[in-house]
1. Restricting attention to strands (runs of 3 or more DSSP E) lying wholly within the range 144-195, give those where 2 or more residues are touching a Lys or Arg at 6+ places or on another chain (Cβ under 8 Å) and of a type outside the set (A, V, I, L, M, F, W, C).
2. Go through the range 1-47 and count every residue that is of a type in the set (A, V, I, L, M, F, W, C), within 19 Å of the chain's Cα centre (by Cα) and within 26 Å of PRO151 (Cβ to Cβ).
3. Do you know which residues across the range 196-219 are in a strand (DSSP E or B) and within 19 Å of HIS119 (Cβ to Cβ)?
4. Among the residues of the range 75-105, which ones are of a type in the set (Asp, Glu) and either touching a helix residue (DSSP H, G or I) at 6+ places or on another chain (Cβ under 9 Å) or more than 21 Å from PRO137 (Cβ to Cβ) (or both)?
5. Of the residues that sit in the range 2-25 and are in contact (Cβ under 8 Å) with a residue 24 or more places away in the chain and farther than 29 Å from PHE159 by Cα, which one is surrounded by the most Cβ atoms within 10 Å (Cβ to Cβ)?
6. Got a number for residues in the range 176-219 being surrounded by 17 or more Cβ atoms within 10 Å (Cβ to Cβ), within 19 Å of ILE72 (Cα to Cα) and among the acidic types (Asp, Glu)?
7. For the range 114-127, which positions are surrounded by fewer than 20 Cβ atoms within 10 Å (Cβ to Cβ) and more than 20 Å from LYS78 (Cα to Cα)?
8. Against the conditions (1) of a type outside the set (Gly, Ala, Ser); (2) farther than 24 Å from THR3 by Cβ; (3) surrounded by fewer than 22 Cβ atoms within 10 Å (Cβ to Cβ), where does PHE130 fall short? Just the number, please.
Amino acid sequence: MQTVPDYLNPDIPADVKRVEIPIVEATNASLAGYGMLVEDRHAEVEIVRWPAQGWRPVDPDTGDEGGTTEGIFVSEWKGDILYGRNAAVDGHYILGYGTEPTQASEEHARDPASLLLWHANYHPDGGQLFFPEVNKPFLAPLAKPGDDISPEDFVCFYFRGDAGLYIHPNVWHEGIFAISGEHRFFDKQGAVHARVSVDFPREFGCLLEVGLTDLPAAT
């Protein structure tokens, strides 16, 4: 039986390999196929019609009436651990690490030099919008739709912070990432909140790595 990931205790094995993913500055051109930049936190979110179970179609005026849910998404580094809290769906997660997970500590205030990502997911029921509450840079690792995903399919998008991110349905992501400290976002997404997951250590024996010293603002 499939089990739900333990988001606050992912139990990652020691010394799994790292797969470095490229960093790309987010523009509407570079985000094509993933989503788009948004200037308005109240931009429309796509809702996907409930799929038909057989050859009879779902009536065209039904199946997409669940609407959206919204709240504040907080991405916060505590030492070597990046936490996420999503009030829209009452979620609390470890999003990533700044060092080997088995050695990670919350007992310091140093800025992380890298980000190690252990998990990603997509929402088949609708899109998702993140809009920053303050103008400062943030990150979003994304991959285009398809269940036959591999670590090498992911790209880490760098946002300067003067616009938000809208992600299309079925696009792989894992929240939104502060580069250091805390970053808060308005979040709006499909209320059904169906979630399909990939666990990189268990499926691929790896963590995705983003070098935080190589970001556009630092070059």
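1. 182-190
2. Total satisfying the criteria: 12.
3. Hits for the range 196-219 are VAL196, SER197, VAL198, ASP199, CYS206, LEU207, LEU208, GLU209, VAL210.
4. ASP80, ASP90, GLU100
5. So, considering only residues that are in contact (Cβ under 8 Å) with a residue 24 or more places away in the chain and farther than 29 Å from PHE159 by Cα, the one surrounded by the most Cβ atoms within 10 Å (Cβ to Cβ) is PRO13.
6. 1
7. Of everything in the range 114-127, those that are surrounded by fewer than 20 Cβ atoms within 10 Å (Cβ to Cβ) and more than 20 Å from LYS78 (Cα to Cα) turn out to be ASN121, PRO124.
8. All conditions are met except number (3).
Coordinate-derived values only; no laboratory data. As the structure is a prediction and not an experimental result, all values here were calculated from the model. Positions of Cβ are generated from backbone atoms using ideal geometry, with glycine treated the same way; all protein chains shown enter the neighbour counts.
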